[in-house]
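See structure below.
All of the numbers you see were taken from the coordinates with simple rules; none came from a lab. The structure displayed is predicted, hence computed values, not measured ones. When we count neighbours, we look across all protein chains shown, and the Cβ atoms used for this are built from the backbone with ideal geometry, even at glycine.
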Amino acid sequence: MLCNDCNGMTLLTATGFCSNCPGRTRSISFELCETCSTKLGVCQMCLDPIRVAQPPKKGVFFVKKTEKDNGGTSTLKLGEEIHITLPEDRYAYKEWQVDTYSYSILDLEDRGTFTPDPGDHQYGTRTIVFTATRSGQGKIELKLANTYGGGSSTTWTITVKVK
């Protein structure tokens, strides 16, 4: 996880070693690997505290969408959430980002953090959360983009109807 200040920085592409465990980092510029950063709730690079994704609020209904729901439609009631969980390969230097969404009917609650697979920390998922705030119809578009900029990207979209 990177804080907002470190997220836009250009990083050295050589891998490094985590100062907290025997794991490797995606960049020699990082102090911590993704797993330790997530566990400690701090930035991999500057070690500043950052907000860690929280589990769904109790009593809030949510709809879970995955890779197979790309191009589909979801209907929500006011106050309900949509949780979009998509796979990532950290060593490919790409992560899911919010490209566009209908802010007139949805609020972005959480941009998500990488959750590594317990068996192989290279692979995992990211869950991005939106809340339905107004009636209407709109779209969410996510982009699997290179964390260093440039290159090709993959797009994931869903149409959202809020009643």
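For segment 110-163, the set of chymotrypsin sites (Phe, Trp or Tyr not before Pro) satisfying both a DSSP loop assignment and a count of at most 14 other C-beta atoms within 10 Å is given as Tyr148. Partners of Lys77 within straight-line reach, counting aspartates and glutamates whose Cα lies under 18 Å from its Cα and excluding those fewer than 8 residues away in the same chain: Asp107, Glu109. Amide H contacts under 5 Å for Thr25: Gly16, Phe17, Cys18, restricted to partners 5 or more places along the chain or on a different chain, H placed in the peptide plane at 1.01 Å from N.
What value, in deg cm²/dmol to 500, does the helix sum -39500 (n - 2.57) over DSSP H runs of n ≥ 4 give at 222 nm once divided by the residues of the chain?
After summing the helix terms and dividing by residue count, I get -1500 deg cm²/dmol.
Given +1 at the Cβ of Lys and Arg, -1 at the Cβ of Asp and Glu and no other charges, the dipole of segment 16-163 around its Cα centre is 440 debye to the nearest 20.
As an exercise, identify the trypsin sites (Lys or Arg not before Pro) in segment 61-110 lying in DSSP coil whose Cβ has no more than 13 other Cβ atoms within 10 Å.
Here the sparse-neighbourhood loop sites are Lys77.
Across segment 113-125, rounded Karplus estimates of 3J(HN,Hα) from the backbone phi angles (6.51 cos²θ - 1.76 cosθ + 1.60, θ = phi - 60°) give 10, 5, 10, x, 6, x, x, 8, 5, 5, 9, x, 9 Hz, Gly and Pro being marked x.
Note on segment 64-144: Rg/Rh from Cα positions, Kirkwood definition for Rh, rounded to two decimals, is 1.00.
Extension gain for Tyr91-Thr155 works out to 21.1 nm (0.36 nm per residue, less the C-alpha to C-alpha distance). Farthest towards the positive end of the charge dipole of the chain, among the residues Phe30, Gln97, Leu11, is the Cα of Gln97, using unit charges on the Cβ of Lys, Arg, Asp and Glu. What the phi angles of segment 24-36 give under the Karplus curve with 6.51, -1.76 and 1.60, with θ = phi - 60°, is a coupling list of 9, 10, 6, 9, 5, 6, 8, 8, 10, 6, 4, 5, 5 Hz, glycine and proline written as x.
Pick out, from Ile128, Thr85, Thr159, the residue whose Cα sits farthest towards the positive end of the charge dipole of the chain, with +1 on the Cβ of Lys and Arg and -1 on the Cβ of Asp and Glu. The listed residue farthest towards the positive side: Thr159. Scalar couplings 3J(HN,Hα) for segment 62-78, obtained by applying the Karplus form with A = 6.51, B = -1.76, C = 1.60 to θ = phi - 60°, are 9, 10, 9, 10, 10, 3, 5, 8, 4, x, x, 10, 9, 10, 10, 9, 3 Hz; x denotes Gly and Pro.
Between the alpha-carbon centres of segment 105-123 and segment 134-163 there is a gap of 15 Å.
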